[in-house]
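Coordinate-derived values only; no laboratory data. Everything numeric in this text was worked out from a predicted model, so none of it was measured. Here the Cβ positions follow ideal geometry from the backbone for every residue, glycine too, while neighbour counts run over all protein chains shown.
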Amino acid sequence: MLIGITGTDGAGKGTVVEYLVKQRGYLHFSSRGLITRELLQKGLPTDRPHLRQMANELRAHYGDDYVIKAALAEVRESALDHLIIESIRTTAEVAALRRAGGILLAVDADVEVRFARIQGRGSASDQVTFDEFVAQEQLEMNDPDPHGMQKAMVMAMADYTIINNASVKELEEAIEVALMVPGEKTGK
């Protein structure tokens, strides 16, 4: 099974991925990892503005479905048939995911909950104020760059949405429900 993950920052996408890798044996492909490698090769910072700009440049050069194409090319070399692609951000990526037989899972949570989570994880791209966090999210929901993130549209295209305001245990239960009921739009 091929699963794409989308959602807002700090909603729990990484926790969903971790669960699917550990409990279901999925191979994980991180679009953020791909973009970070590109930045490091060019000697650029890995903060959120640089990640967004590099992703837009890669999409402009290789096509707006670049992340899916890169993930599928990488997995062809493995024998695993369970792949999860983290951080689907464009409608072209969703279309490519579906052409490959995949489903899209969205994860969301209240903004205050998500901000507290990103502050706790402490990655370089998460060192922002609440106002900066909200401004970055607004841009990423509908980036004016034609090759930019379109999170709002992508999340609306999800086969299933998990609202993750509670415990990890409840999130894991919601993941199992999502895998049983593809096509239903909203979870708990």
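Listed values, structure above:
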| item | result |
| --- | --- |
| Residue-by-residue Karplus 3J(HN,Hα) for the range 156-171, coefficients 6.51, -1.76, 1.60, Hz, glycine and proline x | 5, 8, 4, 6, 7, 10, 9, 9, 10, 9, 10, 7, 4, 4, 5, 4 |
| Distance histogram for the range 1-79 (every C-alpha pair counted, 5 angstrom bins, percent rounded to whole numbers) | 3, 13, 21, 23, 22, 13, 5, 0 |
| Dmax and Rg, reported as Rg then Dmax, of the range 7-51 (C-alpha, Å) | 12.9, 36 |
| DSSP-defined beta bridges in the range 2-180 - what % are antiparallel, rounded to 5 | 0 |
| Of Gln119, Ala166, Ala92, farthest towards positive along the dipole that unit charges on Lys, Arg, Asp, Glu beta carbons give the range 2-180 | Ala92 |
| Normalised alpha carbon radius of gyration of the chain [divisor 2.2 N^0.38 Å] | 0.97 |
| Ile35, Ile68 arranged by Cβ crowding within 10 Å, fewest neighbours leading | Ile35, Ile68 |
| Computed Rg/Rh of the range 78-130, alpha carbon atoms with Kirkwood Rh | 1.10 |
| Ellipticity estimate at 222 nm from DSSP helix runs (n ≥ 4, -39,500 (n - 2.57)) divided over the chain, nearest 500 | -16000 deg cm²/dmol |
| Met157, Met141 arranged by Cβ crowding within 10 Å, fewest neighbours leading | Met141, Met157 |
| Residue-wise HN-Hα coupling along the range 106-117, computed from phi with Karplus coefficients 6.51, -1.76, 1.60 (Hz; x: Gly, Pro) | 9, 10, 9, 7, 4, 4, 5, 5, 5, 4, 4, 5 |
| Cα-centre dipole for the chain with unit charges at Cβ (Lys and Arg positive, Asp and Glu negative), debye to 20 | 380 |
| Of Lys42/Lys69; Lys22/Lys42; Lys13/Lys69; Lys13/Lys42; Lys69/Lys169, those spanning more than 24 Å from alpha-carbon to alpha-carbon | Lys22/Lys42; Lys13/Lys42; Lys69/Lys169 |
| FRET efficiency estimate (nearest 0.05) - Cβ-Cβ, Lys69 to Leu40, R0 22 angstrom | 0.55 |
| HN-Hα J in Hz across the range 82-94 - Karplus 6.51, -1.76, 1.60, θ = phi - 60°, x for Gly and Pro | 10, 10, 10, 10, 8, 6, 6, 10, 10, 5, 5, 5, 4 |
| For Leu27, distant residues with modelled amide H under 5 Å away | His82, Leu83, Ile84 |
| Using a Förster distance of 41 Å, the FRET efficiency for Arg76-Glu112 (Cβ separation, nearest 0.05) | 0.50 |
| Contour excess over end-to-end distance, with Cα ends at Val134 and Leu179 and 0.36 nm allotted per residue | 13.2 nm |
